[in-house]
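The values are calculated or read from the model by the stated rules, or taken from the named source; none is laboratory data. No experiment lies behind these values; they were computed from the predicted model shown. When we count neighbours, we look across all protein chains shown, and the Cβ atoms used for this are built from the backbone with ideal geometry, even at glycine.
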Amino acid sequence: MSIGLIALLDDIAGLAKVAAASLDDVTAQAAKAGAKAAGVVIDDAAVTPRYVTGFSAARELPIVGRIALGSLKNKLIYLLPAALLLSLFAPWAITPLLMIGGAYLCYEGSEKVFEALFPHGAHEHEAAVGAATQTAQNVEDEKVSGAIKTDFILSAEIMAITLASIPAGSTWMQAMVLAVVGIGITALVYGGVALIVKADDAGVAMAASNRPVSRMLGRAVPSRPPTGADRALAPLTKVFGRGLVKGMPILLKMLAIVGTAAMVWVGGGIIVHGLEGYGFAWLGHAIHDVAAAAGHAVPAMAGIVEWLVSAAASGLVGLILGAVLIPLIHFIAVPLLKALRGGSRKAEKHTV
């Protein structure tokens with residue numbers, strides 16, 4: 001009896017060691033995959049804050065929370081199973097699907113550029129697409145929906161990069177790594193976005209507080225005078241707080257610009273790399289050669305210059321593709337969609 005118990009305990013210890021090793025393997029692979037997807041993570045973090053601008057402070061965190069929840073659903077409910085199924089049964093379909101997503105990013109980014117350059121034409125375009133009545137709730141719902149759609153494309157790219165960086169192994173191991181990367185990146189991106197959009201509120205509180213140390217320690221009592229530490233630090237925290245208040249609108253505008261640029265850059269990059277897989281490698285090679293030549297011209301900053309030129313070229317490809325897609329969607333896709341919707345409504349009335 002005692003020997004059997006010892007054997008059982010030994011088996012349990014062995015299983016625990018295997019589980020610990022597997023967990024370490026998952027963590028290591030997730031960290032490696034997350035590092036490779038860092039570029040898309042930066043794009044995602046830059047894109048998201050623009051969906052929160054223009055709303056009251058009370059709605060900022062709820063909107064970020066809605067987008068983060070949608071992002072988790074994108075990654076864990078839709079993309080993770082789809083990535084595993086595609087890798088098992090249709091690996092050939094991953095590239096064209098990513099290219100469709102890249103084209104969508106190019107279209108959305110180019111539309112934002114079009115809106116900035118030709119605001120009157122952009123409003124006409126929105127009216128033609130059939131925007132809903134602009135109540136506050138409609139605006140918020142549209143912004144959240146647009147953010148989740150954009151996140152879907154970026155998340156698909158993240159999951160695809162992650163899947164490609166995982167060594168061939170069991171499906172369960174791949175699923176665990178994808179889940180860890182998906183959850184970790186979502187927390188990182190939207191936690192950072194939440195800090196960014198609420199930084200101005202923190203600045204207001206710091207600029208108005210005469211008791212920064214007491215507040216930080218939870219000992220601020222209005223009836224008591226500020227402590228010596230409060231009086232010493234209050235001038236610094238007030239200056240820093242006023243700087244946050246004045247600087248955050250500028251930062252958010254810059255992030256909006258970076259986010260739009262990231263859309264066309266990432267979308268164009270997806271298209272360029274996808275074309276290489278279908279025998280149209282000349283475009284990717286041309287971009288690489290131009291970037292390498294630019295890097296050789298500035299040896300001290302060769303790596304940075306090559307990256308900037310390559311990103312700019314991919315962005316130009318994305319911008320051109322998006323500019324082509326805008327009239328196609330405006331004059332073909334939207335009227336076709338309206339016709340289909342009208343036909344389905346007539347069919348419903350006829351049925352009733």
- Query: For Ile67, which of the numbered conditions (1) crowded, with 19+ Cβ neighbours inside 10 Å; (2) modelled with pLDDT under 85; (3) of a type in the set (A, V, I, L, M, F, W, C) fails to hold?
  - Reply: (2)
- For the stretch 279-294, what are the residues that are within 29 Å of the chain's Cα centre (by Cα), part of a helix (DSSP H, G or I) and surrounded by 14 or more Cβ atoms within 10 Å (Cβ to Cβ)? Leu283, Gly284, Ile287, His288, Val290, Ala291, Ala292
- With respect to Gly342, determine if the residue is at pLDDT below 90, under 28 Å from Glu115 (Cβ atoms) and of a type outside the set (S, T, N, Q). yes
- Report yes if some residue within the stretch 226-245 is on the phi > 0 side of the Ramachandran plot and outside any helix (DSSP H, G or I); otherwise report no. no
- Residues of the stretch 171-211 that turn out to be over 20 Å from Lys75 (Cβ atoms) and among the hydroxyl-bearing types (Ser, Thr, Tyr), as a count: 1
